[in-house]
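A.B. asks: Sharing a structure, written as structure tokens. Questions coming.
Every number in this text was worked out from the coordinates using simple rules, so none of it is lab data. Note that the structure is predicted; figures quoted are calculated from it, not measured. No Cβ is skipped: glycine too gets one built from the backbone with ideal geometry, and neighbour counts run over all protein chains shown.
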Amino acid sequence: MKQRIPEELIEEVRNKNDIVDVISDHVQLKKQGRHYLGLCPFHGENTPSFSVSPERQLYHCFGCGAGGNVITFVMEMEGADFIQAVEKLAERIDMALPKHVKGVSGNESGKKHESKILGHELAAKFYHHLLTTTEQGKAAYDYLLDRGFTQDMISAFQIGYAPDNPAALKALLEKRGFQESEMEEAGLLLRKESSWEYMDRFRNRVMFPIMNNQGRVIAFGGRALQEGQPKYLNSPETPIFHKNETLYALHKARPAIRKENKAILFEGYADVISAWNAGVNNGVATLGTALSARQAKIIRRNAEQAIICYDGDKAGQEAALRSAELLEQEGCQVQVALLPEGSDPDDFIKIHGKDKFVNEIIKAPFTLMSFKMQKLKKEKNLQHEGDRLQYIEEIVGEISKISKAVERDHYLRQVADEFDLSLEALKQEQHRLFRANKQKNKNAGTSYSSDSSKRRASQYMTEQRLRPAFFNAERILLAHMLSSKEITDQVADEVGGEFNVENHIALAAHLYAFYGAGRDGDSSDFIHSLTDESLMKLAAELSMLDINRNLTENELADYIKQIKNYPKWVEIEEKEKEMKEAERRHDLQHALQLANELVEMKKALKSK
């Protein structure tokens, strides 16, 4: 019979998965004092408000209120239930959970997805073996060598070869016990239209494995070796692979991206691999489609800066501009590495060499505004007055979209000098367009307010600013209680359940029970013991408060006094309202009686 995962195993999984390392797989974190800061993955923001504490092994977003420990992070980030999150974290540290406790969640989809990934990993090894060690793969291997690929490049990116055999992979998958229907759903097999029999999806192609953030194979890109079939064939959308949420080679590039705080965005697999061989280790690529908003978010979570290095033709530059605008919307500082017209990164490296590519292309990118200027100039004949005026109008319009005044002034001066124009006239036109853009963005604010995650964040921040003194006293006291049994015992004696906020009452009750069971002052352990999501977030937030951990007796007494006196102040306010009402009715005797009672009540409070 299946049982729940024992507490000691859950604690071991939690303790062995450092929260900074786990969250860093999804969010770019920067050390700031004792904590790490990054952009919250749970709501859209351009200024980091997501804080991670390595000391307490907790996270909290001061923008939207999300918070918890390493297990709750995986649950929220990956949409997993508790058991699935523990299993994922156990797998991450190569820790085997006993069979009788696995799959307690009753969710079979996790197992099916695991099987799909295992099928892909087997296929990747099979294809790589055929390419590098068999006669079947010799033509594909020679093709790659002719294209400038080395053995190191082939091995590093696990490049392989799918043979011209409709059942080669199918037979291997059957032999290893994989179900054909499941492998079809995974995108590895498909059915013949004539006989409805299963067959391999990829045939006679060079195979590029596509991996998820953990470096596990979830899809393939296949390049045809002969004419008469589509040049490129990618895996279809599957339960484990979503093109618009995946970036090629991100798992491999992430350490370099984090180190340099910069990602290089390419258009294709070959560009990433050639750049990697040239020493550019922070390169990623989209998967045969335009950059999506989701992919832009992923890049921003990993780096503040992005350099776009697309093909030098018109289509490549148009795509670069669209990608740049998406990345800017997510808060990236965007630059564009310009290639000669008709050249792509892979070809440029082959013709001109690694050093020239790195030094003259990657290390000498244009600002986005300079790139726009170059692009617009190419589209106009500036010798013609009409084209020249149109260029000036369009470029001033682009400059007006820049938020920083100094940057706007810099580019306006460039235009004025280049075309011998009045800087003042350009500034007037730019101011007009800037105000128009500002009004347009203001009117479009409905799109912002319709974003539920941003709306929740805004509401949360408003709530934080409107807290009265007693409320903050309760929060600070609970923050101390989360790490101190001694303070909790004293609060239990003097306050008990007399907190004034419902969630605070509940959290205090849980803390009394937690310490009453003989547990130590470990806030992460306490949060794990909670089952209510709102209380977990509250506890995480309070644990991350920047407070003086050495609470004096006077400070403790003052906080307790504010908490216990609050109901009396509420009573005083009600009595003051009653007195004003009596005065309004000209009931002076009752008003005088209430005034005397108020004096006594206030005296009693001050004497305490």
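A.B. asks: Which angle from 0 to 90°, rounded to the nearest 10, does the C-alpha axis of helix 250-260 make with the longest principal axis of the chain?
C.D. replies: Rounded to the nearest ten degrees, it is 70.
A.B. asks: Related question: Binning at 10 Å from 0, report for the range 119-232 what percent of all alpha-carbon pair distances ends up in each bin.
C.D. replies: 14, 47, 32, 7, 0
A.B. asks: How tilted is helix 385-399 with respect to the longest principal axis of the chain? Cα atoms for both, answer in degrees (0 to 90, nearest 10).
C.D. replies: 40
A.B. asks: Further, regarding this structure: Where does helix 82-92 land angle-wise versus the long Cα axis of the chain, in degrees 0 to 90, nearest 10?
C.D. replies: Tilt of helix 82-92: around 50 degrees.
A.B. asks: Shifting gears a bit: Can you give me the relative contact order of the range 222-289 as a percent, contacts being Cα pairs under 8 Å and 6 or more apart?
C.D. replies: Answer for the range 222-289 is 33 percent.
A.B. asks: Got a sec to turn the phi values of the range 476-490 into Karplus ³J(HN,Hα) couplings, 6.51 cos²θ - 1.76 cosθ + 1.60 with θ = phi - 60°, whole Hz, x for Gly and Pro?
C.D. replies: For the range 476-490, the Karplus curve yields 5, 5, 5, 4, 5, 5, 5, 10, 9, 5, 4, 5, 4, 4, 5 Hz.
A.B. asks: From the backbone phi of the range 189-195, what are the Karplus-calculated ³J(HN,Hα) couplings (6.51 cos²θ - 1.76 cosθ + 1.60, θ = phi - 60°) in whole Hz, Gly and Pro given as x?
C.D. replies: Going residue by residue, I get 10, 9, 9, 5, 5, 6, 10 Hz, with x marking Gly and Pro.
A.B. asks: Put a dot 7 Å past each Cα toward the Cβ at residue 410 and residue 260; how far apart are the dots in nm?
C.D. replies: Between residue 260 and residue 410, the simple spin-label model gives 2.1 nm.
A.B. asks: How high is the FRET efficiency from residue 125 to residue 354, r the C-beta distance, R0 30 Å, rounded to 0.05? Don't jump to the answer; show the numbers that get you there.
C.D. replies: Details: r = 30 Å, r/R0 = 0.99.
The pair residue 125/residue 354 has a calculated efficiency of 0.50.
A.B. asks: What FRET efficiency would be calculated for the residue pair residue 581, residue 495, taking the C-beta separation as r and a Förster radius of 56 Å, to the nearest 0.05? Can you show the working numbers first?
C.D. replies: On the way: r = 33 Å, r/R0 = 0.59.
Using R0 = 56 Å, I get an efficiency of 0.95.
A.B. asks: Next question, about the same structure. Mind giving me the nanometre distance, one decimal, between the label points for residue 570 and residue 9, set 7 Å out from Cα along Cα→Cβ?
C.D. replies: If labels sit at residue 570 and residue 9, their model points lie 4.6 nm apart.
A.B. asks: Within the range 109-165, report the GluC sites (Glu not before Pro) that DSSP leaves as loop and that have at most 10 other Cβ atoms within 10 Å. Let's see the in-between values first.
C.D. replies: Working: sites: 114, 121, 135; in loops: 135.
Listed in order of number, the matching sites are 135.
A.B. asks: While we're here: Set the Förster radius R0 to 25 Å, insert the Cβ-Cβ distance between residue 557 and residue 522 as r into 1/(1 + (r/R0)^6), and round the FRET efficiency to 0.05. The partial results should precede the final answer.
C.D. replies: Details: r = 26 Å, r/R0 = 1.06.
With a Förster radius of 25 Å, E is 0.40.
A.B. asks: For the chain, what's the relative contact order in percent, using C-alpha pairs closer than 8 Å and at least 6 residues apart?
C.D. replies: On the way: 838 pairs, mean separation 68.0, N = 608.
Relative CO of the chain lands at 11 percent.
A.B. asks: Here's something else I'd like to know. So what's the Cα pair-distance distribution over the chain, bin width 10 Å, in %?
C.D. replies: 3, 13, 19, 20, 17, 13, 9, 4, 2, 1, 0
A.B. asks: Any idea how far the Cα center of the range 388-437 sits from the one of the range 280-317, in Å?
C.D. replies: Each part's Cα centre sits 28 Å from the other's.
A.B. asks: Taking Cα centroids, how far is the range 164-205 from the range 479-537 in Å?
C.D. replies: 56
A.B. asks: What percent do you get for the relative contact order of the range 15-95 when only Cα pairs under 8 Å and 6+ apart count? Display every interim value, and only then the final one.
C.D. replies: Working: 115 pairs, mean separation 18.1, N = 81.
Computed over the range 15-95, the figure is 22 percent.
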